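Report on the structure given below.
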Amino acid sequence: MSAEQIQYNQSLLASISSQNPDVNAAAAQVHQYTEMCKAGQISPAEYAQLLRDIQSQINIQAAMAELDAMETLNTAINGLITIASLIA
C-alpha cells in the first residue's frame, strides 16, 4: 500500500463529521480495519472484504438524510479497497 494513498483516504475518513451515529460508527470501523491491516493483523484480502461489508451497509442506508457524509465514506472505502486489491 502506498503510504500517500492510505493517508489521503484516511484524511477523508477523518473529515467525516455527522450527527448520524451510524455514519460515525462506520467511519471509525473503517479506520480501525485500516490500522489492523497496516499492522499486519488482518490480510489485505480480509481487509477488502470487511470494507466491502461496510460498503454494503452504507448502500442499504443510502436513503438517509446524511447522504453527503455517506458519499465521503464510500469514496474513502473505494480508495482503500482499490489499494488493498493491488497488493492482494
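So the values come out like this:
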| read-out | value |
| --- | --- |
| Selection within segment 1-51 - among the charged types (D, E, K, R) and exposed (fewer than 14 other Cβ atoms within 10 Å of the Cβ) | GLU4, GLU35 |
| Filtered residues of segment 58-77 (kept if of a type in the set (S, T, N, Q) and loosely packed, with under 14 Cβ neighbours inside 10 Å) | ASN59, THR75 |
| Any pair with Cβ under 7 angstrom, 6 or more apart, that starts in segment 65-84 at a residue that is outside any helix (DSSP H, G or I) and ends at one that is buried (at least 21 other Cβ atoms within 10 Å of the Cβ) | GLU66/VAL23 |
| Residue check, ASN59 more than 22 Å from GLU4 (Cα to Cα), in a helix (DSSP H, G or I) and not charged (D, E, K, R) | yes |
| Residues that are farther than 10 Å from LEU80 by Cβ and part of a helix (DSSP H, G or I), drawn from segment 9-30 | SER11, ALA14, SER15, PRO21, ASP22, VAL23, ASN24, ALA25, ALA26, ALA27, ALA28, GLN29 |
| Condition check for GLU46: at pLDDT 80 or above, in a helix (DSSP H, G or I), among the charged types (D, E, K, R) and over 14 Å from the mean Cα position of the chain (by Cα) | no |
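The values are calculated or read from the model by the stated rules, or taken from the named source; none is laboratory data. The model shown is predicted, which means the values in this text are computed figures rather than measured ones. Counting neighbours? That spans all protein chains shown, and the Cβs are built from the backbone with ideal geometry, glycine included.
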